[in-house]
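Pasting a structure here, questions to come.
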Amino acid sequence: MTINRRTAIRQLAFLSVGAALLPACRDDRSKPDLVLKNFKVDDKQQKLLEELTATLIPTTSTPGARDVSAHLFILKMLDDCSARADQDKFFSGMKQFELDYAARSSSGKSFVASAPPQRESFLLDIESKKLPNEDLNFFYSTAKRLTILAYSSSQFFLTRVQVYELVPGRWHGCIPVQQKMKSAS
């Protein structure tokens with residue numbers, strides 16, 4: 001079989017393009033769950049935040065903070081609504097949270113790998129201000145406040161727990177006005 005110059009150049013071009021594109025096809029990096037403008041969060045930090053929110057509002061017979069993606073809500077609120085100084089303080093506190101937990105943990109496990117009772121006792125120590133680090137307390141209080149906000153504004157909470165009614169509310173046409181006026185005064 002004879003190959004002319006044109007066919008050889010075309011095959012060489014296809015081979016070169018294929019070799020250049022091959023590493024991009026087997027990229028193992030996971031895509032981020034959320035696109036943020038002001039800072040980057042790696043998988044380890046996101047997992048820590050997810051476990052913290054799941055410890056604060058665990059899943060029982062009702063969905064917990066993990067089920068309503070409270071950790072993603074926290075990151076989005078920090079990205080959109082917080083000053084750069086507060087963002088830096090939050091992530092500094094997150095690093096301190098990991099370090100303090102590893103130092104206080106008797107098993108040497110990380111917060112993510114430890115059992116819920118160990119996590120809860122560490123969070124109680126932070127709540128009672130036994131750990132004096134200001135960034136750590138800022139991280140915990142911000143994460144807790146935003147977790148509660150995420151959960152209480154979730155679709156589950158507003159449709160099943162505290163049913164949200166649009167204004168002006170219900171109309172009770174069977175109650176006479178004079179009877180209502182006497183009970184109000």
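The values are calculated or read from the model by the stated rules, or taken from the named source; none is laboratory data. Source: prediction; values computed, not measured. When we count neighbours, we look across all protein chains shown, and the Cβ atoms used for this are built from the backbone with ideal geometry, even at glycine.
Would you mention how many residues in segment 56-87 are among the β-branched types (Val, Ile, Thr) and crowded, with 20+ Cβ neighbours inside 10 Å? Walk me through it before giving the result.
Of all residues in segment 56-87, those among the β-branched types (Val, Ile, Thr) come to 57, 59-60, 62, 68, 74.
Now drop any that are not crowded, with 20+ Cβ neighbours inside 10 Å, which leaves 57, 68, 74.
Going through segment 56-87 one residue at a time, the tally reaches 3.
Got a number for residues in segment 71-111 being hydrophobic (A, V, I, L, M, F, W, C) and part of a loop (DSSP other than H, G, I, E, B)?
Quick first cut of segment 71-111, residues hydrophobic (A, V, I, L, M, F, W, C) only: 72-75, 77-78, 81, 83, 85, 90-91, 94, 97, 99, 102-103, 111.
Add one more test, that the residue is part of a loop (DSSP other than H, G, I, E, B), and what stays is 83, 111.
Within segment 71-111, residues that are hydrophobic (A, V, I, L, M, F, W, C) and part of a loop (DSSP other than H, G, I, E, B) number 2.
Identify, please: which residue in segment 28-61 is assigned to a helix (DSSP H, G or I) and among the basic types (Lys, Arg) and is, among those, farthest from Phe157 (Cα to Cα)?
If we take residues in segment 28-61 being assigned to a helix (DSSP H, G or I) and among the basic types (Lys, Arg), then Lys44 is farthest from Phe157 (Cα to Cα).
A further question on this structure: Please verify whether segment 62-70 includes one or more residues that are modelled with pLDDT of 90 or more, assigned to a helix (DSSP H, G or I) and either touching a helix residue (DSSP H, G or I) at 6+ places or on another chain (Cβ under 8 Å) or among the hydroxyl-bearing types (Ser, Thr, Tyr) (or both). Spell out the reasoning first.
So the first thing to find is which residues in segment 62-70 are modelled with pLDDT of 90 or more, and the list is 62-70.
Subset that is assigned to a helix (DSSP H, G or I): 70.
Subset that is either touching a helix residue (DSSP H, G or I) at 6+ places or on another chain (Cβ under 8 Å) or among the hydroxyl-bearing types (Ser, Thr, Tyr) (or both): 70.
The answer is yes; a qualifying residue exists.
Mind checking which residues of segment 82-136 are basic (Lys, Arg) and either under 26 Å from Phe39 (Cα atoms) or within 21 Å of the chain's Cα centre (by Cα) (or both)?
Restricting attention to segment 82-136, the residues satisfying the condition of being basic (Lys, Arg) are 84, 89, 95, 104, 109, 119, 129-130.
Across segment 82-136, the qualifying residues are Arg84, Lys89, Lys95, Arg119.
Which of the numbered conditions does Leu99 fail, given that it passes all the others? Conditions: (1) at pLDDT below 95; (2) surrounded by 14 or more Cβ atoms within 10 Å (Cβ to Cβ); (3) hydrophobic (A, V, I, L, M, F, W, C).
Against the list (1) at pLDDT below 95; (2) surrounded by 14 or more Cβ atoms within 10 Å (Cβ to Cβ); (3) hydrophobic (A, V, I, L, M, F, W, C), Leu99 comes up short only on (2).
Okay, residues lined up against (1) of a type in the set (S, T, N, Q); (2) farther than 22 Å from Phe91 by Cα; (3) modelled with pLDDT under 90:
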| position | (1), (2), (3) |
| --- | --- |
| Ser114 | yes, no, yes |
| Lys130 | no, no, yes |
| Asn133 | yes, no, yes |
| Arg145 | no, no, no |
| Phe156 | no, yes, no |
| Leu166 | no, yes, yes |
| Arg170 | no, yes, yes |
| Cys174 | no, yes, yes |
| Ala184 | no, yes, yes |
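Kindly state which helices (runs of 4 or more DSSP H) lie completely within segment 112-185 and contain at least 1 residues that are within 28 Å of Lys47 (Cα to Cα).
Values: elements: 116-127, 134-152, 177-184.
Those helices (runs of 4 or more DSSP H) span 116-127, 134-152.
Another question about this same structure. In segment 1-17, which residues are of a type outside the set (A, V, I, L, M, F, W, C) and either surrounded by 10 or more Cβ atoms within 10 Å (Cβ to Cβ) or in a helix (DSSP H, G or I) (or both)?
Correct list: Arg5, Arg6, Thr7, Arg10, Gln11, Ser16.
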